[in-house]
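Input: a single structure, listed below in structure tokens.
The values are calculated or read from the model by the stated rules, or taken from the named source; none is laboratory data. None of these values were measured; they are calculated from a predicted model. Here the Cβ is made from the backbone with ideal geometry for all residues, glycine too, and neighbour counts use every protein chain on show. The area values use the complete protein model at the heavy-atom level, side chains included, leaving out ligands, DNA and RNA. Shrake-Rupley method; radii C 1.70, N 1.55, O 1.52, S 1.80 Å.
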Amino acid sequence: QVQLVESGGGLVQAGGSLRLSCAASGRTFMNYAMGWFRQAPGKDREFVTAISWNGGTTTYADSVKGRFTISRDNPRNTISLQMNSLKPEDTAVYYCASSIYRGVSTDSAPYRYWGQGTQVTVSS
């Protein structure tokens with residue numbers, strides 16, 4: 001059974017930083033792309049960032065480009081999301097997801113496995 005467990009969410013002031021982590025188990029994690037999505041209250045889930053199976057390719061939503069950084073540690077079966085210069089509009093539940101493909105995608109369809117989410121709240 002595939003499990004993705006996020007951690008690292010919390011409350012932070014605008015301009016601050018947080019680092020999210022996602023621990024994966026139950027699958028050959030290193031063979032697949034991974035991504036982060038988020039969902040704010042009353043809004044649809046949206047793509048944040050993704051990383052290819054070997055970390056060679058990353059892609060970011062325009063809204064977080066230059067502020068967020070995704071990385072992966074395949075031997076430890078974890079991915080991380082470093083979030084800097086946080087804004088109130090970054091407030092959302094953040095979800096880690098595992099794709100069925102090696103390459104990145106900004107669409108949620110290839111991501112068949114999802115974590116339970118971690119809350120990030122940025123106060124103004």
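Tabulated data
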read-out: Test for residue 28: is it at pLDDT below 95, over 11 Å from the mean Cα position of the chain (by Cα) and farther than 16 Å from residue 6 by Cα; value: yes
read-out: Selection from region 68-84 of residues that are open to solvent by 30 Å² or more (accessible area, probe 1.4 Å) and either in a loop (DSSP other than H, G, I, E, B) or of a type in the set (Ser, Thr, Tyr) (or both); value: 69, 71, 77, 78, 84
read-out: Test result for residue 93, among the hydrophobic types (A, V, I, L, M, F, W, C), open to solvent by 30 Å² or more (accessible area, probe 1.4 Å) and either assigned to a strand (DSSP E or B) or modelled with pLDDT under 95 (or both); value: yes
read-out: Members of region 24-67 found to be open to solvent by less than 20 Å² (accessible area, probe 1.4 Å), not aliphatic (A, V, I, L, M) and not in a loop (DSSP other than H, G, I, E, B), listed by number; value: 29, 35, 36, 37, 38, 49
read-out: Residue pairs meeting the criteria (Cβ under 6 Å; at least 6 apart or on separate chains; first within 15 Å of residue 94 (Cα to Cα), in region 8-21; second in a loop (DSSP other than H, G, I, E, B)); value: 12/86; 17/84; 19/8; 20/8; 21/8
read-out: Top-ranked residue in region 96-106 [being of a type in the set (A, V, I, L, M) and assigned to a loop (DSSP other than H, G, I, E, B); ranked as modelled with the highest pLDDT]; value: 104
